[in-house]
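Worksheet for the structure shown next.
Coordinate-derived values only; no laboratory data. These numbers were taken from a predicted model, which means no experiment stands behind them. Ideal geometry is used to build each Cβ from the backbone, glycine not excepted, and the neighbour counts take in all protein chains shown.
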Amino acid sequence: MPDDGQSHLPPHVAPSDIGPAASVAPQSASQPPTSAPVTNPRSPLARLLAYRLLLLLAAAVLALDQATKFWIAAHIPFDPSHSHDVGQDITVISGFFYLIHVVNTGAAWSMFAGQSVLLATLALATLAAIAWWRHSLGLRDRVTQFAFGLLCGGIAGNLLDRLARGHVTDFLDLHFGIYVYPTFNVADSGICVGVILYIVRSLRATG
């Protein structure tokens, strides 16, 4: 049929119902469709529970450390001279292992003696650093959590001593012939074992 210049629309559609073509612009191919921002579905509690082995072990080390120090202070007289007199300490293995009651205002081997505030500040900074760099340290790994549970529990145990009393209570006394190992406590043991375990774990992971 010849074109008479009139648009051929269905009877029920008026020309005014059709908007200008320019009003409907196709989406540019160079602009990808926007999507809703991705949110982390894990709740704070779920993220905390991911480190439950570390937290439970740290709490256990802290509790054992404080309980043993309380018992030592209540049952063994203070003996800074390590005299091992009768009634002054408890002999576990004669000539080798004793339970005594001494205090330390410094670190291991009495380094930084009298610097409890400084050492407490360093302990707090260490715990904060572990929490901040937890992903870099690989704390989702269970063996690493075990190591840092011992380490953090030990740090917290001695930190509590320094904040509450200004010194750390030591009581595990080992003798190797004429050499007397520096007296230590449960918290010190946790720190040392935790550090060694983490070093071994790291060496095996990179080996």
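What the table below lists for this structure:
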{"item": "Length gained when the stretch His75-Thr105 is fully extended (0.36 nm per residue, less Cα-Cα span)", "result": "8.7 nm"}
{"item": "Neighbour cut-off at most 15 other Cβ (10 Å), DSSP loop, chymotrypsin sites (Phe, Trp or Tyr not before Pro), the range 110-182", "result": "Phe112, Trp133"}
{"item": "Total formal charge among the other residues, if their Cβ is under 14 angstrom from that of Leu174, Lys/Arg +1 and Asp/Glu -1", "result": "-4"}
